[in-house]
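Participant: For reference, the structure I am asking about is given below.
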Amino acid sequence: MKVAAVALASVTLATVVLATVASGFSRTEQVSSPTYTKDIAPLIADRCGMCHDAGGAAPFGLLTYADAKRHATQIATVTRSRFMPPWKADPDNGPFVGQHPLSDAEIDLIRRWVDGGTVEGDPRDLPAPRHWAEGWRLGQPDLIVTLPEAYTLQAEGTDVFRIFVIPLPVTKTRFVRGLEFRPGNAKVVHHANIRVDKTAASRALDAADPGPGYSGLILRSADYPEGHFLGWTPGQVAPLLPKDLSWRLDPKTDLVIETHMQPSGKKESVQPSIGLYFSDTPPTRTPAMLRLGRQTIDIPAGEKQYIVTDSYTLPVDVEVEALQPHAHYRAREVQGDATLPDGTKKPLIHIADWDFRWQHVFQYETPLRLPKGTTLSMRWVYDNSAANTRNPERPPKRAQWGQRSSDEMGDLWMQVLTRNEPDLVTLTRQFRAKVAAEDVNGYEVEIEKHPNDIGLHDDAALLYLEVGRPENAVAHFQKSLALKGGSAPAHYNLGTALSVAGRLDEAVYEYRQAIQIDASYANAHNNLGSVLLSQGKTAEAAREFREVIRLQPQSASGLANLAWVLATASRPADRDATQAVDLAERVVDLTGRRDARALDVLAAAYASAGRFDRAQDAASAALRLLPAEPLASEIRQRQDLYRQGRPYVAQDPQSRR
Amino acid sequence: MIPSALFFVMVYVMSRWFVALALLVGGLLASPGQIVHAAPQVRVQQVDGGHAVDPLAAPAGSKAIVFLFTSTDCPISNRYAPEVRRLATTYGPKGVVFRLIYPNPAENAKGIREHMAAFAYAGAAQAFRDPKLDLVKFVGATITPEAAVVVDGKVVYRGRIDDRYVDLGLERPAATTHDLGEALEAVVTGRKVPHPTTQAVGCYIADFAR
């Protein structure tokens with residue numbers, strides 16, 4: 001074979017010489033096979049160099065002739081199959097940052113170079129060497145944090161997901177313009193999703209799991225900060241944000257890094273670092289994170305074509321900044337579209353060969369404007385048959401929604417900017433309700449699988465309260481209470497859900513149970529007082545509010561509630577206008593005159609004491625804070641009474657019946 | 001091409017002849033540790049230099065030799081290290097000799113030693129270099145990782161270790177067919193190897209020789 005190759009090469013050379021003689025230099029270029037220096041080196045430097053440099057994320061470098069030649073067949077094979085360079089979206093989507101797929105002509109050029117014997121060519125043709133920064137690609141970070149102790153990745157098996165929690169040592173509020181992830185061991189770290197947790201909940205899970213990080217689920221408290229995607233895929237670094245788009249980082253915040261790793265055949269040490277880039281000034285714009293997706297996914301074993309769709313019609317104009325589809329191993333295809341109000345369909349993203357291994361945040365080069373009334377839609381297709389090579393179960397099994405990679409998901413996340421703050425409020429309020437309604441489905445699936453997980457029941461109950469389904473909240477808090485074996489907070493939670501559901505006698509019972517276990521439980525006394533008050537048991541309610549203030553003299557709710565009773569009780573014997581004014585003034589001070597309800601209480605207290613001018617002023621101050629309904633209307637009605645020189649007196653619930 | 005074909009025929013005949021002779025000699029003298037000679041034309045290098053050796057020669061009593069073609073920087077090849085060690089642990093005591101072959105001429109003794117230490121191959125398999133692709137051509141290997149099982153100088157299995165990798169960029173979460181293990185089980189139990197050739201997935205040996 002060696003002999004044959006040499007012979008072929010000399011034939012080519014002869015052709016070249018003849019062509020040169022015949023018609024000059026330009027013809028030579030057409031007939032000669034591609035060379036490394038002229039044709040291949042520039043392509044590799046541009047499309048592969050960000051990973052396949054000496055210290056990059058790829059398993060080997062490709063930036064010298066020797067290295068390129070040594071992987072020539074492989075390069076030709078993986079470019080032809082479009083496994084490399086990894087870019088899963090259709091080439092006409094976007095344009096997105098970092099999008100530089102090879103054209104068919106370029107792929108063919110590589111094939112011809114390999115078939116032609118990987119000719120080196122004239123060294124003078126080599127492009128100027130391109131230097132990929134050795135260290136941080138966004139420059140020297142303002143803060144670098146590193147996983148304190150390296151994680152040891154097992155030698156074998158399939159993908160490993162580990163969640164690392166790194167506390168951020170900031171002592172004052174900072175504004176973050178950029179974040180760069182360095183995997184610490186690029187040979188095994190495949191991608192990372194990064195979130196922030198302002199609570200200690202993720203940290204607690206980390207502490208409970210031996211070794212660095214924990215294996216399990218991302219908590220609800222760990223979220224993308226203020227509508228910003230954070231993550232890392234090999235070869236990609238999200239550029240710095242414009243200064244007006246930074247995100248706020250407060251002290252006591254942890255980074256939560258979900259790290260996807262592939263075992264290498266030997267034990268590997270993994271110790272990622274993250275560089276943060278700060279801005280001096282707070283953001284003036286905040287994006288919103290929209291999430292299309294279903295948590296009712298339930299794919300029968302063997303199903304080849306399971307389809308999940310979702311859509312949402314924008315209530316305001318937006319600019320789409322970035323997209324991130326997310327699903328697991330059974331997903332095969334995703335399509336995201338925007339249908340404009342005039343019916344025109346704009347494809348946002350299409351991945352025909354979804355690969356869980358190559359997830360990416362697709363950031364638009366120029367944000368995509370979509371007018372109010374545009375319908376965003378997504379469509380996922382799953383193959384849960386044995387024909388899907390990546391199916392994690394063999395033989396295939398029923399697959400339901402779940403965060404674990406053995407379960408399935410189907411989301412399309414979109415980062416959008418609104419024109420102004422009121423539009424943002426409109427969008428996020430409406431969208432939050434949509435997401436919460438979907439999330440309860442996911443919790444029900446999780447709970448079916450883990451019926452004795454107290455945290456799941458508690459979270460689900462809170463979600464049900466958020467979406468206005470208190471009876472479901474009651475059921476989950478009851479289960480949680482049974483599992484916990486009667487703790488004070490469990491009784492308290494159940495009491496709260498029962499009060500929202502209007503089951504007041506049962507609520508009173510639960511609060512009393514909580515107080516019996518923990519007599520100093522101020523919130524339980526407070527809520528018990530509120531329920532008693534709405535049952536018309538004014539004196540008993542006042543006793544509970546006094547207990548709150550005894551336990552916590554600075555409790556705004558305790559002070560406000562007692563002031564309200566003393567100012568508005570239906571029986572004159574229960575009223576004490578002087579004390580009500582005193583308490584209400586303390587609450588208004590405590591809340592910095594920025595709480596409409598506190599000012600409403602103060603107004604009622606003044607009116608009770610006959611000081612109607614001051615009552616009207618306080619009511620006006622409350623209304624200036626634009627309180628939500630129905631409070632705003634109630635304050636207006638009360639203000640009318642004060643104008644007429646009449647105090648507000650609570651109706652006796654008994655007399656209402 | 002014709003000279004190559006002749007060459008292969010000759011190797012086959014000679015190896016059969018040598019094996020037959022050795023068995024006869026071994027039978028007569030009954031000496032343990034007697035070296036069984038096979039195709040003398042195939043030579044590989046010892047990792048630390050020294051004279052070239054015959055990779056097909058195995059201690060007497062060996063039932064088969066497994067050649068595992070590997071390279072230090074091929075990720076798929078490396079991910080198989082634990083499986084190779086498991087197979088060596090299972091079939092070593094049953095008379096199967098495991099040999100790790102590094103065909104890349106660019107790989108040196110130091111790199112190979114470090115690679116063997118990192119992936120804990122030492123003890124499980126002997127290592128040789130095959131920079132002239134002598135053995136590669138003899139068994140017809142094209143990929144790292146690829147396995148060849150040789151019995152009596154004859155290749156009875158060549159291909160993947162298992163079916164975990166379907167293509168570059170496409171893999172199963174776990175293998176469903178353990179082709180090399182099945183071949184070895186057949187050899188040690190005296191059965192016919194069910195699938196004598198399969199397609200390996202990994203790095204191309206042809207690229208090493210460019």
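Participant: Which stretch or stretches of the stretch B:43-75 have amide N atoms under 18 Å from the point lying 7 Å from residue B:132's Cα along the Cα→Cβ direction?
Facilitator: Only B:43-57 pass the distance filter.
Participant: Arrange the peptides A:332-338, A:368-374 so that the one whose residues have, on average, the most other Cβ atoms within 10 Å appears first.
Facilitator: Sorting A:332-338, A:368-374 by mean packing, highest first, produces A:332-338, A:368-374.
Participant: Also, I was wondering about something else. Residues of the stretch A:260-282 losing 20 Å² or more of accessible area relative to the isolated chain, 1.4 Å probe, heavy atoms only?
Facilitator: For the stretch A:260-282, once contacts with the other chains are taken into account, A:262, A:263, A:264, A:265, A:266 lose 20 Å² or more.
Participant: Express in nm, to one decimal, how much length is gained between residue A:345 and residue A:570 on full extension, taking 0.36 nm for each residue of separation and deducting their alpha carbon distance. Numbers along the way, then the final one.
Facilitator: Numbers: separation 225, 0.36 × 225 = 81.00 nm, distance 6.14 nm.
In short, 74.9 nm is gained.
Participant: Another question about this same structure. Set the Förster distance to 41 Å, then compute FRET efficiency between residue A:449 and residue A:252 from the Cβ-Cβ distance, nearest 0.05.
Facilitator: My answer for the efficiency is 0.80.
Participant: Now, a different point. Residues of the stretch B:47-96 losing 20 Å² or more of accessible surface, assembly versus chain alone, probe 1.4 Å, please list them.
Facilitator: Buried on complex formation: B:73, B:75, B:79, B:82, B:86.
Participant: Kindly list the residues of the stretch A:323-341 that lie in the label zone of residue A:92, defined by a backbone N under 13 Å from the point 7 Å along the Cα-to-C-beta vector.
Facilitator: Of the residues in the stretch A:323-341, none has backbone N under 13 Å from the label point off residue A:92.
Participant: Can you tell me the relative contact order of the stretch A:143-279? Whole percent, Cα pairs under 8 Å, sequence separation 6 or more.
Facilitator: 53
Participant: Does the stretch A:477-539 come out rounded, prolate or oblate, given a ≥ b ≥ c as the square roots of the eigenvalues of its C-alpha gyration tensor, rounded meaning a/c under 1.5 and, failing that, prolate meaning a/b above b/c?
Facilitator: oblate
Participant: Quick check on the stretch A:288-430: take the gyration tensor over C-alpha atoms, sort the square-rooted eigenvalues as a ≥ b ≥ c, and tell me if it's rounded (a/c under 1.5), prolate or oblate.
Facilitator: In terms of gyration-tensor shape, prolate.
Participant: Under a Cβ-only charge scheme (Lys and Arg +1, Asp and Glu -1), can you give me the dipole magnitude of chain A about the Cα centre, in debye to the nearest 20?
Facilitator: So the dipole magnitude of chain A works out to roughly 380 debye.
Participant: Using a probe of 1.4 angstrom, how much of the accessible area of the stretch A:523-657 is carbon and sulfur, in percent?
Facilitator: The C+S portion of the solvent-accessible surface of the stretch A:523-657 is 46 percent.
Participant: What is the interface area between chains B and A, defined as buried accessible area summed over both chains with a 1.4 Å probe, reported in Å² to the nearest 100?
Facilitator: 2500
Participant: OK, next. So, with a 1.4 angstrom probe, what is the percent of accessible area on the stretch A:288-430 that is carbon and sulfur?
Facilitator: Summing carbon and sulfur atoms, their accessible area is 48 percent of the total for the stretch A:288-430.
Participant: Give the Rg/Rh ratio for the stretch A:398-524, taking Rg as the radius of gyration of the Cα atoms and Rh as the Kirkwood radius, to two decimals.
Facilitator: 1.07
Participant: Given a 1.4 Å probe, how much area per residue of the protein assembly as shown is accessible, in Å²? It would help to have the intermediate numbers written out before the result.
Facilitator: Details: 39620 Å² over 867 residues.
Dividing the accessible area of the protein assembly as shown by its residue count gives 46 Å².
Participant: Check the protein assembly as shown for me: any Cys whose beta-carbon has no other cysteine beta-carbon within less than 4.7 Å?
Facilitator: Here A:48, A:51 come out as lacking a disulfide-compatible partner, given the Cβ-Cβ threshold of under 4.7 Å.
Participant: What average count of beta carbons from other chains do you get within 10 Å of the Cβ of residues in B:164-173?
Facilitator: Rounded to a whole number, the mean comes out at 6.
Participant: Work out the P(r) tail for the protein assembly as shown: percent of alpha carbon pairs separated by more than 34 Å, whole number.
Facilitator: Summing the P(r) tail past 34 Å for the protein assembly as shown gives 65 percent.
Participant: Scale the Cα Rg of the stretch A:246-327 by the rule-of-thumb value 2.2 N^0.38 Å and send over the ratio, two decimals.
Facilitator: That ratio works out to 1.68.
Participant: Give me the percent of DSSP beta bridges within the protein assembly as shown that run antiparallel, rounded to the nearest 5.
Facilitator: 90
Participant: How many Cβ atoms of partner chains, on average, are near each residue of A:488-499 if near means within 10 Å of its Cβ? Write down the numbers at each step before the final one.
Facilitator: On the way: counts 0, 0, 0, 0, 0, 0, 0, 0, 0, 0, 0, 0.
Shielding by partners across A:488-499 averages 0.
Participant: Relative to the present Cα-Cα distance, how much length would full extension add between residue A:644 and residue A:319 at 0.36 nm per residue of separation?
Facilitator: So the chain would gain 112.0 nm between residue A:644 and residue A:319.
Participant: State the extension gain, in nm to one decimal, for the chain segment bounded by residue B:90 and residue B:168, taking 0.36 nm per residue of separation less the distance between their alpha-carbons.
Facilitator: Here the segment from residue B:90 to residue B:168 would lengthen by 25.2 nm.
Participant: Could you work out the Rg to Rh ratio of the stretch A:46-120, with Rh taken as the Kirkwood radius (inverse of the mean 1/r over all Cα pairs)? Before the final figure, lay out each step's value.
Facilitator: Values: Rg = 12.7 Å, Rh = 13.1 Å.
Ratio of gyration radius to Kirkwood radius for the stretch A:46-120: 0.97.
Participant: Out of the total accessible area of the stretch A:143-279 (probe 1.4 Å, heavy atoms of protein only), what percent is carbon and sulfur?
Facilitator: C and S atoms contribute 52 percent here.
Participant: Percent relative contact order of chain A, based on C-alpha pairs within less than 8 angstrom and at least six residues apart?
Facilitator: 10
Participant: Top to bottom by accessible area (1.4 Å), largest first, where do A:551, A:143, A:602 land?
Facilitator: Result, largest first: A:551, A:143, A:602.
The values are calculated or read from the model by the stated rules, or taken from the named source; none is laboratory data. If you're wondering where the values come from, they're calculated on a predicted model, not measured in any experiment. Positions of Cβ are generated from backbone atoms using ideal geometry, with glycine treated the same way; all protein chains shown enter the neighbour counts. Accessible surface is based on the protein model in full, side chains and every heavy atom, while ligands, DNA and RNA are left aside. Shrake-Rupley method; radii C 1.70, N 1.55, O 1.52, S 1.80 Å.
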